Amino acid sequence: IEVICVVMGAAAVSLAIGFQHRLSALLTFLAWAYLYAIESTRTYWMSYYYLEAISVFLLIWMPSAERFSVDAARRRNPGSGMIPYWPVLLLRAQLVITYFYAGLAKVNRDWLFEGVPMRMYLEKPWVAERLKAFLPVSFGRDIDRIVHSPGLIFFLSWSGAIFDLSVGFLLLFRRTRTLGMAL
């Protein structure tokens with residue numbers, strides 16, 4: 001696993017600077033998909049892991065190193081340096097689909113009215129312990145009370161569902177994009 005992580009890290013850096021971007025995207029995708037596949041069998045499925053994997057997969061096929069990249073600087077015939085609109089549209093669509101369906105999956109009794117996933121997460125002892133490390137010792141009981149309170153559980157459950165249902169659409173439009181990024 002360590003070798004896979006090193007390969008993925010090197011490929012991701014190469015992808016970020018635009019060096020051999022298709023090969024870098026392919027190696028990053030294969031490593032990430034493998035790690036995602038073995039991890040998702042042991043823990044909860046996370047939609048943002050899927051989003052990362054599918055986005056890197058899409059980068060294999062996109063002309064993402066046309067400008068501001070090592071590949072573009074090395075080209076003898078640089079062309080226009082413009083990226084067509086279809087890759088932007090495809091990535092935006094994937095973002096909206098992933099977030100919206102993650103939000104839709106939260107619209108159920110367990111998530112919204114029982115707070116089951118949040119309750120299970122907040123019951124783990126290390127959650128409160130991490131918060132206590134940043135605050136004075138006198139706040140210890142208050143932290144435990146707040147972390148395990150139904151108010152926080154339901155706030156996080158409802159705000160998570162509302163966020164996932166709306167953030168993809170907020171990021172789509174220029175007028176609401178800043179709000180989506182801030183959220």
Checklist line | Lys, Arg +1 and Asp, Glu -1 on Cβ, resulting dipole of region 1-160 about Cα centre, debye, nearest 20 | finding: 340
Notebook entry, point to check: Applying the Karplus parametrisation 6.51 cos²θ - 1.76 cosθ + 1.60 with θ = phi - 60° to the phi angles of region 170-183, what ³J(HN,Hα) value in whole Hz is obtained for each residue in order, glycine and proline being reported as x?
Noted result: 5, 6, 5, 9, 4, 5, 10, 4, 4, 4, x, 5, 5, 5
Checklist line | Karplus-derived 3J(HN,Hα), 6.51/-1.76/1.60, for each residue of region 138-143, Hz, glycine and proline x | finding: 5, 8, x, 5, 4, 4
Notebook entry, point to check: In nm, to one decimal, how far is the modelled label at Phe139 from the one at Leu90, with both set 7 Å along Cα→Cβ?
Noted result: 4.7
Check: Which percent of Cα pairs goes in each bin when the distances of the chain are cut into 10 angstrom slices starting at zero?
Finding: 9, 24, 29, 24, 11, 3, 0
Notebook entry, point to check: When the helix-only estimate is applied to the chain (DSSP H runs of n ≥ 4, each -39,500 (n - 2.57), divided by the residue count), what is the mean residue ellipticity at 222 nm, nearest 500 deg cm²/dmol?
Noted result: -23000 deg cm²/dmol
Margin query: Using the Cα centre of region 78-182 as origin and beta-carbon charges of +1 (Lys, Arg) and -1 (Asp, Glu), tell me which of Trp86, Leu112, Gly180 is placed farthest towards the positive end of the dipole.
Written below: Trp86
Check: For region 46-183, what % of the accessible area comes from carbon and sulfur atoms, probe 1.4 Å?
Finding: 68
Check: Under the definition of Cα pairs under 8 Å and six or more residues apart, what whole-number percent is the relative contact order of region 44-183?
Finding: 25
Next item on the list: Please list, in chain and number order, the residues 5+ apart from Gln20 or on another chain whose amide H is under 5 Å from its amide H, with Hs placed from the backbone.
Entry: Asp71
Item checked: Whether region 59-146 is rounded, prolate or oblate, judged on the alpha carbon gyration tensor where a/c under 1.5 counts as rounded -> oblate
Check: All other residues with a Cβ under 15 Å from the Cβ of Leu131 taken together, and with Lys, Arg as +1 and Asp, Glu as -1, what is their net charge?
Finding: +1
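The values are calculated or read from the model by the stated rules, or taken from the named source; none is laboratory data. Everything numeric here is computed off the predicted structure, so don't read it as measured data. Heads up, the Cβs are rebuilt from the backbone with ideal geometry, glycines too, and the neighbour counts pull from every protein chain shown. Heads up: the accessible areas ignore ligands, DNA and RNA and are worked out on the full protein's heavy atoms, side chains in. Shrake-Rupley method; radii C 1.70, N 1.55, O 1.52, S 1.80 Å.
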